[in-house]
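Report on one structure; see the data block that follows.
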Amino acid sequence: MKFEIRSYSHCVGEFNYHVQITTAYRRKVMENERVDLLVKAYITAKLDELKVQIVTMKGGPNHLHIFVKNCKNIAPSELIRQLKGFSSFMMRKNHKKMFDH
């Protein structure tokens, strides 16, 4: 993917972040293919809402790497807070039975 230098009213440059999100207590919940797909779908929906573009999203059994671009109007800590909070809320609200033992 080609990155372009963008010109804003007061600066020129790129705003790209590499974010790693880890599950609570490093639980391997992402091993479940359905959980993996749902979490990625919720994160994609939240990034679309925030108008942040995804370059790539990959991960392992207990973490997810996301590389995003055009994040000019949102701080890294706020982006992570939004992604973790929304995906966790939606998984607990809509798919609680998947985590009951």
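The values are calculated or read from the model by the stated rules, or taken from the named source; none is laboratory data. Note that this is a predicted model, so its numbers are computed, not measured. Backbone-built Cβ (ideal geometry, glycine too); neighbour counts: all protein chains shown. Protein only, heavy atoms only, side chains kept; ligands, DNA and RNA dropped before computing areas. Shrake-Rupley method; radii C 1.70, N 1.55, O 1.52, S 1.80 Å.
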> Using beta carbons and a limit of 6 Å, which pairs, at least six apart or on different chains, have the first residue in region 67-87 and closer than 18 Å to Tyr42 by Cα and at pLDDT 95 or above and the second one open to solvent by 50 Å² or more (accessible area, probe 1.4 Å) and among the hydroxyl-bearing types (Ser, Thr, Tyr)?
Replying inline: Phe67/Thr56
> Quick check, is Asp48 within 20 Å of Lys96 (Cα to Cα), part of a helix (DSSP H, G or I) and among the acidic types (Asp, Glu)?
Replying inline: no
> From the residues in region 40-52 that are closer than 29 Å to Ser7 by Cβ and either touching a His at 6+ places or on another chain (Cβ under 8 Å) or basic (Lys, Arg) (or both), which one is most open to solvent (accessible area, probe 1.4 Å)?
Replying inline: Lys51
>> Looking at Val35, Val19, can you tell me which residue is open to solvent by less than 50 Å² (accessible area, probe 1.4 Å), among the aliphatic types (A, V, I, L, M) and in a strand (DSSP E or B)?
In response: Val19
> Restricted to region 53-101, and to residues that are farther than 15 Å from Asp36 by Cα and assigned to a loop (DSSP other than H, G, I, E, B), which residue is least open to solvent (accessible area, probe 1.4 Å)?
Replying inline: Cys71
>> Filter region 17-44 down to the residues that are without any contact (Cβ under 8 Å) to a residue 40 or more places away in the chain and closer than 17 Å to Gly85 by Cβ and list them by number.
In response: Ala24, Lys40, Ala41, Thr44
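So for region 66-79 (the condition being touching a helix residue (DSSP H, G or I) at 6+ places or on another chain (Cβ under 6 Å) and not hydroxyl-bearing (Ser, Thr, Tyr)), does at least one residue qualify?
Within region 66-79, the subset touching a helix residue (DSSP H, G or I) at 6+ places or on another chain (Cβ under 6 Å) is none.
No, region 66-79 contains no residue that is touching a helix residue (DSSP H, G or I) at 6+ places or on another chain (Cβ under 6 Å) and not hydroxyl-bearing (Ser, Thr, Tyr).
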>> Which pairs turn up if I take residues in region 1-16 that are in a loop (DSSP other than H, G, I, E, B) and open to solvent by less than 60 Å² (accessible area, probe 1.4 Å) and look for partners that are hydrophobic (A, V, I, L, M, F, W, C) and modelled with pLDDT of 70 or more with beta carbon separation below 8 Å, at least 6 apart in sequence or on another chain?
In response: Asn16/Val55; Asn16/Phe67; Asn16/Val68; Asn16/Cys71
